Amino acid sequence: MRVAFCILGECASKANSRVITGRVRGGSIKSAKALAFERACALQIPMAARVMYPGPVRVIITIHYRTERNDLDESLVLDALQARYSKGGRRNGTCTRLGVILNDRQVRERHVYHGIDRENPRASVIVESLS
């Protein structure tokens, strides 16, 4: 089984876009750009792609940035692919957003490519079941 879709907008680097907080020692949160990209992903992933694969998967991601300045970092895309649960997690919480996969730990194989498109930054995603 395979799903493919495209997310419009420029993907932020999760590692390089953290904001240090003073509330928790050593604490950090995602930047506004990273949070905006995650929200865009949630709105753009088609319902037909939200199959909640239960087992191991392969992902093929091509991220097109506006410029060469960005580091290739697919971690925000992988975060956006997984289901979201209320407090209590998958066992005790309520599913608040269906995902393409249950958890990004299911990714056993990943192919990630970097592209440049100044006019149309985007992330093209293919997810395939390995079982």
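List of remarks:
- Thr62 closer than 24 Å to Val3 by Cα, within 17 Å of the chain's Cα centre (by Cα), of a type in the set (Val, Ile, Thr) and at pLDDT below 90: no
- Qualifying residue in the stretch 80-88 (condition: touching a strand residue (DSSP E or B) at 6+ places or on another chain (Cβ under 7 Å), exposed (fewer than 13 other Cβ atoms within 10 Å of the Cβ) and over 17 Å from Ala34 (Cβ atoms)): yes
- The stretch 39-58, residues that are surrounded by fewer than 15 Cβ atoms within 10 Å (Cβ to Cβ) and within 13 Å of the chain's Cα centre (by Cα): Arg39, Ala42, Leu43
- Conditions (1) surrounded by 11 or more Cβ atoms within 10 Å (Cβ to Cβ); (2) free of Cβ contacts under 8 Å to residues at least 24 places away in the same chain; number of the one not met by Arg69: (1)
- Answer residue from the stretch 70-109, given it is β-branched (Val, Ile, Thr) and at pLDDT 90 or above and is farthest from Ala42 (Cα to Cα) among those: Val107
- In the set Ala12, Ala36, Ala32, only one residue is over 23 Å from Leu130 (Cβ atoms) and either crowded, with 19+ Cβ neighbours inside 10 Å or modelled with pLDDT of 90 or more (or both); that residue is Ala12.
- Residue that is nearest to Ala36 (Cα to Cα), among those in the stretch 98-128 that are part of a loop (DSSP other than H, G, I, E, B) and in contact (Cβ under 8 Å) with a residue 60 or more places away in the chain: Pro121
The values are calculated or read from the model by the stated rules, or taken from the named source; none is laboratory data. Model, not experiment: these values are computed from the prediction. Neighbour counts run over all protein chains shown; Cβ positions are idealised from the backbone, glycine included.
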